[in-house]
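Just below is one structure, and these are the notes that go with it.
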Amino acid sequence: MSLTVVANRVPIRQTDEGWETSVGGLTTALLPVLEEQGGVWVGMGEDPDLPERQEYPAQDPDFLVRRVPLSTQELDGYYYGMANRVLWPVSHYLIQHLELKDEFIETYRHVNRRFAEAVLDETEKGAEEVIWIQDYHQMLSPGLIRKERPEATIGHFWHIPWPAMEIFRILPWSRELLRGMLGCDLIGFHVEEYVDNFIESADVLLDAEVEGNRIRYDGQETRVEAHPIGIDVDRFKSMSQDPSIEQEAQKFRERLGSDHIVIGIDRLDYTKGIRSRMLAFEQFLEENPEYHGNVSFFQIATPSRTELESYQQIRREVDEVVGRINGRFAQESWVPVNYRYRTYTQYELCAFYRAADAALITPLRDGMNVVTQEFITASRDGVLILSELTGAAYLLPEAVQVNPYDHGGVADAIRTALEMPTEERTERLRGLKSTTETLDVHKWAGNFLSSIQR
Ligand code: ADQ
């Protein structure tokens with residue numbers, strides 16, 4: 001089998017030292033497959049100076065990178081428009097951020113067609129090959145590829161939640177988008193909940209024939225399955241057991257100078273619930289004066305989609321609430337909220353995970369959330385406080401689960417976590433670790449690829 005991956009971004013980047021593969025779950029999972037079996041990775045080209053076709057690595061190539069160069073106007077409509085201002089908010093049930101504009105879908109159609117053409121260009125008719133498309137940026141390309149290659153094996157993995165049918169049907173183009181997805185042989189989601197939502201959408205909106213997890217529509221049969229994603233467990237495990245991480249964690253604890261550390265780590269995105277989490281921590285401080293001076297909340301947020309107004313707004317709101325909490329509660333030698341707006345290396349993140357007594361992971365909605373698994377793998381005896389509105393919550397019953405909109409409930413959970421007896425912490429973490437090991441990202445890729453070839 002040879003593999004063609006279609007994703008929004010290509011997996012390599014140029015640095016001062018030359019070309020290297022980028023860090024991220026998808027590249028970790030799929031590059032070993034491409035390196036072993038050969039193939040193509042199709043993604044958008046944001047820099048007009050880079051070649052459309054690039055063999056990688058240059059000396060002794062394992063696979064081909066195929067860029068689809070996009071103009072500023074195409075990038076605006078397809079990526080900043082349709083993907084980030086339509087599909088992202090609707091899939092996360094945050095429809096106050098939804099902007100429905102005809103120019104978004106028009107550009108999305110055009111760019112999906114260009115991606116499909118690139119795939120058709122790079123693949124041979126009748127070849128034994130799997131085309132694996134990633135995420136909500138490409139809902140129409142499966143249908144376009146299928147039309148030209150009825151015999152192709154096409155898969156799609158959707159990394160964010162698939163919303164309830166009644167939410168999805170808000171989109172004026174819901175049926176067209178579903179028809180595009182149904183060009184696939186196999187569609188994967190993180191959990192059964194999203195599988196059910198997708199099947200219901202096809203059933204009600206397209207009147208498709210449904211039998212168990214199979215959908216028949218327009219002469220094509222599509223299977224829909226749950227394939228929960230994980231992290232590179234071995235890598236995180238060995239990094240977190242490195243003695244130097246322990247030293248870093250210790251230094252970090254000393255710098256913060258508190259008895260207890262609670263951490264939050266996210267992209268700065270309105271779906272991650274960072275502002276609500278701050279309000280919950282504020283309520284915790286109001287209700288628990290005995291903790292003043294001996295608990296610090298360390299939140300890091302990596303800049304994301306900074307061109308969009310809704311992301312600039314959430315940044316201002318978080319800045320404002322952090323300032324207010326520290327203004328209200330800080331003492332001479334204690335800052336309650338330590339907030340960093342920047343990116344860290346995985347090594348640094350690992351030290352933070354290791355140092356924390358509890359992680360507060362409370363998205364308003366999240367497809368999976370792999371920060372959860374990074375914390376579980378790195379932690380020695382920490383408590384995980386987890387939003388029940390994440391994919392991860394379905395798989396991790398040992399977490400202290402909360403409704404992220406319920407600030408009082410989250411405040412109580414912080415206290416519960418800090419006062420949890422050692423035995424209970426250890427017991428819960430043991431369960432969490434054992435599930436996380438089964439969710440390894442290499443197994444995720446292997447399971448999806450063997451299912452699609454069955
Ligand atoms: P994301 O929304 O990006 O992914 P998530 O699963 O939380 O979400 O992963 C974020 C990654 O970014 C983690 O690996 C984390 O370590 C890293 N990160 C976060 N803050 C950072 C910082 N300040 N510095 C450095 N790294 C940072 C989408 C979906 C998720 C789904 C994944 C995988 O939205 O629901 O889990 O895809 O399918």
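Given the criteria within 16 Å of the ligand (Cβ to nearest atom), in the same structural domain as Ser201 (by TED's automatic domain parsing) and either out of contact with any Pro (no Cβ under 8 Å at 6 or more places or on another chain) or free of Cβ contacts under 8 Å to residues at least 40 places away in the same chain (or both), does Arg53 qualify?
no
Residues are listed down the side, and each one gets a yes or a no for (1) more than 19 Å from Leu178 (Cα to Cα); (2) in contact (Cβ under 8 Å) with a residue 24 or more places away in the chain; (3) outside the structural domain of Gly143 (by TED's automatic domain parsing):
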residue: Thr28; (1), (2), (3): yes, yes, no
residue: Tyr78; (1), (2), (3): no, yes, no
residue: Leu94; (1), (2), (3): yes, yes, no
residue: Asp102; (1), (2), (3): no, no, no
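In segment 314-329, how many residues are open to solvent by less than 50 Å² (accessible area, probe 1.4 Å) and either outside the structural domain of Arg267 (by TED's automatic domain parsing) or within 16 Å of the ligand (Cβ to nearest atom) (or both)?
3
Working carefully through the options Arg114, Arg146, find the one that is surrounded by fewer than 22 Cβ atoms within 10 Å (Cβ to Cβ) and in the same structural domain as Gly212 (by TED's automatic domain parsing).
Arg114
Hey, can you tell me all the residues within segment 3-20 that are in a strand (DSSP E or B) and closer than 28 Å to Leu120 by Cβ?
Hits for segment 3-20 are Leu3, Thr4, Val5, Val6, Ala7, Asn8, Arg9, Ile12, Arg13, Gln14, Trp19.
Take the residues in segment 395-454 that are among the hydroxyl-bearing types (Ser, Thr, Tyr) and free of Cβ contacts under 8 Å to residues at least 40 places away in the same chain; name whichever of them is surrounded by the fewest Cβ atoms within 10 Å (Cβ to Cβ).
This residue is Ser450.
Specify which of the listed residues (Trp88, Trp41) is within 16 Å of the ligand (Cβ to nearest atom) and surrounded by 13 or more Cβ atoms within 10 Å (Cβ to Cβ).
Of Trp88, Trp41, the one residue that is within 16 Å of the ligand (Cβ to nearest atom) and surrounded by 13 or more Cβ atoms within 10 Å (Cβ to Cβ) is Trp88.
If I filter segment 211-231 for residues that are within 16 Å of the ligand (Cβ to nearest atom), farther than 30 Å from Ser310 by Cβ and open to solvent by 70 Å² or more (accessible area, probe 1.4 Å), do I get at least one hit?
So far as segment 211-231 goes, no, none of its residues is within 16 Å of the ligand (Cβ to nearest atom), farther than 30 Å from Ser310 by Cβ and open to solvent by 70 Å² or more (accessible area, probe 1.4 Å).
Hey, can you tell me all the residues within segment 349-381 that are closer than 26 Å to Gly293 by Cα, under 16 Å from the mean Cα position of the chain (by Cα) and either near the ligand (Cβ under 10 Å from one of its atoms) or surrounded by fewer than 24 Cβ atoms within 10 Å (Cβ to Cβ) (or both)?
Listed by number, the residues that qualify are Ile361, Phe375.
Give me a count of the residues in segment 44-61 that are at pLDDT 95 or above, in contact with a helix residue (DSSP H, G or I) (Cβ under 8 Å, 6 or more places away or on another chain) and open to solvent by 50 Å² or more (accessible area, probe 1.4 Å).
Looking only at that region, the number is 0.
Of the residues that make up segment 275-293, is at least one of a type in the set (D, E, K, R), outside the structural domain of Gly77 (by TED's automatic domain parsing) and not in a helix (DSSP H, G or I)?
No; the residues of segment 275-293 include none that is of a type in the set (D, E, K, R), outside the structural domain of Gly77 (by TED's automatic domain parsing) and not in a helix (DSSP H, G or I).
Is it true that some residue in segment 390-403 is touching a strand residue (DSSP E or B) at 6+ places or on another chain (Cβ under 6 Å), within 16 Å of the ligand (Cβ to nearest atom), of a type in the set (S, T, N, Q) and in the same structural domain as Val295 (by TED's automatic domain parsing)?
yes
Taking Gln346, is it within 15 Å of the ligand (Cβ to nearest atom) and in the same structural domain as Ala393 (by TED's automatic domain parsing)?
yes
Taking the residues in segment 263-313 that are away from the ligand (no atom under 14 Å from the Cβ) and of a type in the set (A, V, I, L, M) as candidates, determine which candidate is nearest to Ala355 (Cα to Cα).
For segment 263-313, the residue satisfying everything is Val295.
Of all the strands (runs of 3 or more DSSP E) wholly in segment 349-454, which have at least 1 residues that are of a type in the set (Ser, Thr, Tyr)?
383-387
In segment 330-342, what residues are under 18 Å from Val295 (Cβ atoms) and within 16 Å of the ligand (Cβ to nearest atom)?
Correct list: Val337, Asn338, Tyr339, Arg340.
The values are calculated or read from the model by the stated rules, or taken from the named source; none is laboratory data. Since the model is a prediction, treat every value here as computed from it, not as a measurement. Cβ sites come from the backbone with ideal geometry, for glycine too, and all protein chains shown count toward neighbours. Surface areas here come from the heavy atoms of the whole protein model, side chains and all, with no ligands, DNA or RNA. Shrake-Rupley method; radii C 1.70, N 1.55, O 1.52, S 1.80 Å.
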